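Here the structure comes first, spelled out in structure tokens, and everything after it is commentary.
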Amino acid sequence: MFKRLPEGAAKTVAIKVDGRVIEARAGDSVAAALIAAGISPTRLSAVSQSPRAPYCMMGVCFECAVTVDGVANRQGCLTPVQEGMQIETIKGRREIGA
């Protein structure tokens, strides 16, 4: 669905996604970096565990929600990548401690 436009030699940053280091273009959003790296889904829905992935890319739908540097439910499409960023995809409903 999405296709990256040719940009020449863009600066890259290293980010970690689910423990795996990937290269992302500086200035990209987290969602764009995940799409470019072929990482999908970004989360599993809380109720049915169905796979979800970036959809609107403008902050309306929350389908691109990920955990960024320990902060849950961040919209990947609105979060710019930064060197050393730690991203975790969401695996369905989270457990709330007692």
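The values are calculated or read from the model by the stated rules, or taken from the named source; none is laboratory data. Please read all numbers here as calculations on a predicted model, not as lab measurements. Note that each Cβ is placed from the backbone with ideal geometry, even for glycine, and that neighbours are counted across all protein chains shown.
Under 9 Å between Cβ atoms, which residue pairs at least 6 apart in sequence (or on different chains) link something in region 1-14 that is of a type in the set (Val, Ile, Thr) with a partner that is at pLDDT 75 or above and not in a loop (DSSP other than H, G, I, E, B)? Sorted first by the residue in region 1-14, then by its partner, the pairs are 12/23; 12/24; 12/25; 13/23; 13/24; 13/25; 13/33.
This table checks each residue for (1) surrounded by 12 or more Cβ atoms within 10 Å (Cβ to Cβ); (2) within 12 Å of the chain's Cα centre (by Cα); (3) within 19 Å of residue 93 (Cα to Cα).
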position	(1), (2), (3)
13	yes, no, no
24	yes, yes, no
27	yes, no, no
64	yes, yes, yes
75	yes, yes, yes
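One residue stands out among those in region 7-21 that are among the β-branched types (Val, Ile, Thr) and farther than 19 Å from residue 74 by Cα: the one that is modelled with the lowest pLDDT, which is 12. Of the numbered criteria (1) surrounded by fewer than 14 Cβ atoms within 10 Å (Cβ to Cβ); (2) without any contact (Cβ under 8 Å) to a residue 40 or more places away in the chain, the one residue 46 fails is (2).
Yes/no per residue for (1) modelled with pLDDT of 95 or more; (2) not in a loop (DSSP other than H, G, I, E, B):
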residue: 38; (1), (2): no, no
residue: 41; (1), (2): no, no
residue: 46; (1), (2): no, no
residue: 54; (1), (2): no, no
residue: 57; (1), (2): no, no
residue: 62; (1), (2): no, no
residue: 73; (1), (2): no, yes
residue: 77; (1), (2): yes, yes
residue: 83; (1), (2): yes, no
